Amino acid sequence: MLLQAVHHIAIICADYHRSKAFYTDVLGLQVIREVYREERDSWKLDLALGDQYVIELFSFPDPPPRASRPEACGLRHLAFAVKDIAAAVQELHQKGVPTETIRIDPYTGKRFTFFTDPDGLPLELYEQP
């Protein structure tokens, strides 16, 4: 098997409209397709970053909460590359999204920080100038 790329990341949210606003209005991802699946009482929102399909945002009735942050078994966090981390953090703060202190990756020397989506999913900004 020869993997070519990561195709997408699936995220289940508790409040679909709140999470949709977060990923589109706050983070700026673009809507590709939005479908209400009546038989599941579930929304499926396909989101792109630039021209790359990256996230499937799902809603389901009464999903269980995340086990712990961020060291639960399974997906730890989702990281986004930014050119200027200080500017990105400032923009998040202006939109009411708190972030952790900017830190330095001891192995690469690059700056990074964490914040969370409306359901507490850890998200990372990683500086790639």
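Give just the number: which of (1) open to solvent by less than 30 Å² (accessible area, probe 1.4 Å); (2) assigned to a strand (DSSP E or B) does A88 not satisfy? Failed condition: (2). For region 19-47, a residue qualifies if it is within 25 Å of L92 (Cα to Cα) and among the hydroxyl-bearing types (S, T, Y), and the qualifying residues are S19, Y23, T24.
Screening the candidates E34, E100 for the property of being open to solvent by 50 Å² or more (accessible area, probe 1.4 Å), modelled with pLDDT of 95 or more, under 16 Å from the mean Cα position of the chain (by Cα) and not β-branched (V, I, T) yields one hit, E100. Within the option set D15, D62, D105, being over 12 Å from the mean Cα position of the chain (by Cα) and open to solvent by less than 40 Å² (accessible area, probe 1.4 Å) holds for one residue only, D105.
The values are calculated or read from the model by the stated rules, or taken from the named source; none is laboratory data. Bear in mind that the values here come from a model prediction, so they are computed numbers and not experimental data. Note: areas computed on protein heavy atoms with side chains; ligands, DNA, RNA excluded. Shrake-Rupley method; radii C 1.70, N 1.55, O 1.52, S 1.80 Å.
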